[in-house]
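The values are calculated or read from the model by the stated rules, or taken from the named source; none is laboratory data. Quick caveat, the model's predicted, so the values are computed rather than measured. Cβ: placed from backbone, ideal geometry, glycine included. Neighbour counts: every protein chain shown.
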Amino acid sequence: MESVSIGKSVSELHELLVHKDISSAELTKAYIDRIQAVDPDLQAYLTVLEDEAMAQAAEVDQKIAQGEALKPLEGIPMALKDNMCTEGIRTSCASKMLENFVPPYNATVTNRLRAAGTILLGKLNMDEFAMGSSTENSYFTKTRNPWNLECVPGGSSGGSAVAVAGDEAAFTLGSDTGGSIRQPAAFCGVVGMKPTYGAVSRLGLIAFASSLDQIGPFTKTVRDNALVMNAIAGYDALDSTSVPYETPDYTKFLVNDIKGLKIGIPREYFGEGIDPDVAKGIKAGIQTLIDLGAEVAECSLPHTEYAIPAYYLIATAEASSNLARYDGVRYGYRADSNDVLGMFKKTRAEGFGQEVKRRIMLGTYALSSGYYDAYYLKAQKVRTLIKQDFDKAFEKFDVLLSPTAPTPAFKFGEKSADPLAMYLSDITTVPINLAGIPAISIPAGFVNGLPIGMQLMGKAFGEGALYRVAYTFEQNTNYHSLKPNLSGEVLTCGSR
Amino acid sequence: MVVANKYEMVCGLEVHVELQTKTKIFCSCTTEFGGEQNTHVCPVCLGMPGALPVLNREVVNYAIKAGLALNCEIAEFSKFDRKNYFYPDLSKNYQTSQFDLPICGKGGLEIEVDGEKKWIGITRAHMEEDAGKLVHSGDTITTSNESSVDYNRAGVPLLEIVSEPDMRSIPEVLAYLEKLVQILEYTEVSDCRLEQGSVRFDINVSLRPMGATTLGTRTETKNLNSFSSVRRCMEYEVARQARVLDAGEKVVQETRTWDEGQGVTLTLRSKEEAHDYRYFPEPDLAPLVIDREWVERIRKTLPELPEARRARLQALGLSAYDAGVITQAKALSDFFDAALSSYGDAKTLANWVMGDVTRLLNTNQCSVVDSPISATQLAELLGLIDKGTISGKIAKSVLEDMYSTGKDAGVIVKEKGLAQISDEGALIGIIDDVISANPQSVEDFRAGKDRAIGFLVGQIMKATKGQANPGLVNKLLKEKLS
């Protein structure tokens, strides 16, 4: 029974649980078996919580036995990126610095998903401190793309994307500072939403860049995504940047109809560096939307070219300060030294990986006296201009559309030697974080057997419009139902 | 102040005051002083990964209140910034503070030195979090084998009040500090317990040739925590700078530290070694918008400040000196006002408060707040004197009894039978006895020696254990002898 369940959407699994076709324990065990079978290849998980998950599932089954109504996510096995705090469960940020760090408290999303009755299967691999676009910067292991094990899964939420694509969890959460949900979602052929800044609480999300970080769901379907958003979005008084906004029921936007909806195509997102095959695939997707009745026109976001430098100044500046607390004094890795300053230096030299150190240095420099105005302040001004670009575009359009990433997944090592090339591949995603608006990546085809993603961008708190377009596209295409061919899956999953 | 006959001293101060809110500035941990190490802590003030600050609105209320009492402009738009530097007592290795847009703008206060009044400008005041405390196994961090950190104080709200370089002498500096602390105490934004480090002073001082208009090079001496250290430190530092200048050398702009034991200031770091704090806006907190209504709401909670109280007491007939003594500390002034509400003679009350009451409290090392004699009890006692129930002299001993027993004056007078004898019939007999027992004195009086009556009164008082109504005794005695 487990075998047929694996690979289904959250809403399908919910029906199975409600009709007692499967118990939460059986479902959870099926996922644990699946993880044991495929994760040696995929390396999505840093921590698997079999006993805890089974215990949680037993509680849900008891509720079912007592005839209690099941909430939409109740009994559904999921997993979290390892930068979201879980009380009593190691939260490592994929860093040597926090290799043995066990938080004394839960992130708000952890609490909300627990309250929703979900089963926590484990914690997922990522680029160290969420810094990277390939998950190659993890201190622990390299997560592989299920569509081609020689390719990266994207990053920084690589583990979160792979766990969903590889059926190792029914859904997962990731975090997105400059594309870290959308790009891996695109690379792995799943749905990934970066909500509006302030829509989902950041409390307990280990900060990379506070003004850009946002948590969001990875799912197989658009409906699942809306269901998870229903559980995690909403005001949190303990996060001062959380917006007191009444969250709608996101599923009510799931209508198979986009007639008359105005979609803008920013020409800057199809410029230099965009793989022609990716552009071709996305253009085919645009045609599908036109055929479905959308009104599509080209538009311009003129300051896009400045987004990358502005982003890498702001993000690294904030990171240099956010990561200052890792000094070996209170928690985490501590190097031996005879004096305090020596301990600080050695701890940070040994505890952080190369990319993290690079960004701390960049950010420290950008904030230095004498450079602040030229770098940080200027970057903030560019940020305002980028925001204004979007404001202007949204006067005319309901949604903007672009490729999620310039290329499909690349091979391991292909870009890691050239950080600048890696940074430039974020061109289609970082402007969205700078503007604080929501964007979703949905499966939109394949290039050389690798998935590509279509990115839909909306107004602040306009997630609904994104879900509507995404849902309509999904209902009229079959990309989301295609699955990678993984060795090992036969052992646990006969449903292919 | 003229130093070495040729230099003028110029001084400005930064004062860090712990605001006495119940909870810390960005979390709900208690601000209580002391406690076992690292027990008043949570993920926020420990700077745990993923923790986020939430601004305690009460801190803003206190900052506005202090700002208003110090005649500062209250900013409609203010924000927090991160001040980045590494130190083990700083849990995030940045301090959340306010940089270019502080909550309080320009203000100031008036001081008086040797009868001369002077306005000392305040540049700004801003909110920030306190750091934890290092506990060394040895004397200092460098000489200790081991140091531990106590984060109980981390996140306690501070208001940093920065003055203009308006002070020209050490007495002016001390007058400014006393006045500042007095106002902060009166507004109850801080308990101002200097011995617990709840107020700390940084001194910026420089010298310049008499008559010069540009400022000399200054030094900043950090972290003093008593008025006497401020005085000693300034005496030392001013003399040191004068020696440097006398020798034809230049004062080095630097941060210094005060060594209480040796009584000297020492270099902490030079200008070249100064921290680059890399301030930038705190992205975890929204900017603070304070509408005018909020400010007016706080203004209404401002108590009568010392100056206004002093004026009121002077209008009631107290001397400037007495009014100053009474209003020096809020607790004493509050005690005085409470007694005044049920005992109208301000002058008499002041004499008792400044005299016997203060003496009793001092002898017993007791603060006014903890006084076993309440203000209303004191008022009752003084009322008994006015009514003639007891004499002033008896009242002094009743006060002592009140102090040790906590009982009301009336109760003590009754229990001990201390009420004045104002019954003519009862006194006449005693007076007759005294007259017949002292014929010589009677004769002396009749011979015109007025002083002799004093002796006779004394004898009568002695016979009545001091309880005879002295006025009545005088009257009756004179009638008898005339």
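Of the residues making up segment A:317-362, just one is part of a loop (DSSP other than H, G, I, E, B) and touching a strand residue (DSSP E or B) at 6+ places or on another chain (Cβ under 7 Å), namely A:329.
In this structure, does residue A:372 turn out to be within 25 Å of residue A:419 (Cβ to Cβ), aromatic (Phe, Trp, Tyr) and modelled with pLDDT of 95 or more?
Considered against the rule, which asks whether it is within 25 Å of residue A:419 (Cβ to Cβ), aromatic (Phe, Trp, Tyr) and modelled with pLDDT of 95 or more, residue A:372 comes out as no.
Number of residues in segment B:372-397 that are more than 26 Å from residue B:421 (Cβ to Cβ) and surrounded by fewer than 20 Cβ atoms within 10 Å (Cβ to Cβ): the value is 3. Taken over segment B:57-84, the criterion of being over 28 Å from residue B:179 (Cβ atoms) and either at pLDDT below 95 or away from chain A (no Cβ under 14 Å) (or both) is satisfied by B:77 alone. Candidates in segment A:136-159 are the residues that are polar (S, T, N, Q) and assigned to a loop (DSSP other than H, G, I, E, B); of these, the one that is surrounded by the fewest Cβ atoms within 10 Å (Cβ to Cβ) is A:141.
Okay, residues lined up against (1) within 19 Å of residue B:104 (Cα to Cα); (2) more than 14 Å from every other protein chain (Cβ to nearest Cβ); (3) loosely packed, with under 14 Cβ neighbours inside 10 Å:
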{"site": "B:256", "(1), (2), (3)": "no, yes, no"}
{"site": "B:267", "(1), (2), (3)": "no, yes, yes"}
{"site": "B:271", "(1), (2), (3)": "no, no, yes"}
{"site": "B:291", "(1), (2), (3)": "yes, yes, yes"}
{"site": "B:313", "(1), (2), (3)": "no, yes, no"}
{"site": "B:319", "(1), (2), (3)": "no, yes, yes"}
{"site": "B:327", "(1), (2), (3)": "no, yes, no"}
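Residues that are modelled with pLDDT of 95 or more and either buried (at least 21 other Cβ atoms within 10 Å of the Cβ) or basic (Lys, Arg) (or both) within segment B:129-145 comprise B:129, B:130, B:132, listed in sequence order.
The residue that is modelled with the highest pLDDT, among those in segment A:342-369 that are within 8 Å of chain B (Cβ to nearest Cβ) and surrounded by fewer than 18 Cβ atoms within 10 Å (Cβ to Cβ), is A:368. Every test in (1) outside any loop (DSSP other than H, G, I, E, B); (2) away from every other protein chain (no Cβ under 14 Å); (3) modelled with pLDDT of 95 or more is passed by residue A:80 save one, and that test is (2).
Among the residues of segment A:86-105, those identified as more than 9 Å from chain B (Cβ to nearest Cβ), assigned to a loop (DSSP other than H, G, I, E, B), surrounded by fewer than 21 Cβ atoms within 10 Å (Cβ to Cβ) and in contact (Cβ under 8 Å) with a residue 24 or more places away in the chain are A:90, A:99, A:100.
Would you mind stating whether residue B:26 is within 12 Å of chain A (Cβ to nearest Cβ), closer than 18 Å to residue B:97 by Cβ and either surrounded by fewer than 22 Cβ atoms within 10 Å (Cβ to Cβ) or out of contact with any strand residue (DSSP E or B) (no Cβ under 6 Å at 6 or more places or on another chain) (or both)? When the stated conditions are applied, residue B:26 passes them. The residue of segment A:210-235 that is farthest from residue A:94 (Cα to Cα), among those that are surrounded by fewer than 24 Cβ atoms within 10 Å (Cβ to Cβ) and facing chain B (nearest Cβ under 10 Å), is A:211. For segment A:398-457, taking the residues that are crowded, with 24+ Cβ neighbours inside 10 Å and polar (S, T, N, Q), the one that is nearest to the chain's Cα centre (by Cα) is identified as A:441. Would you call residue A:302 within 26 Å of the chain's Cα centre (by Cα), over 30 Å from residue B:56 (Cβ atoms), away from chain B (no Cβ under 14 Å) and part of a loop (DSSP other than H, G, I, E, B)? The answer is no for residue A:302.
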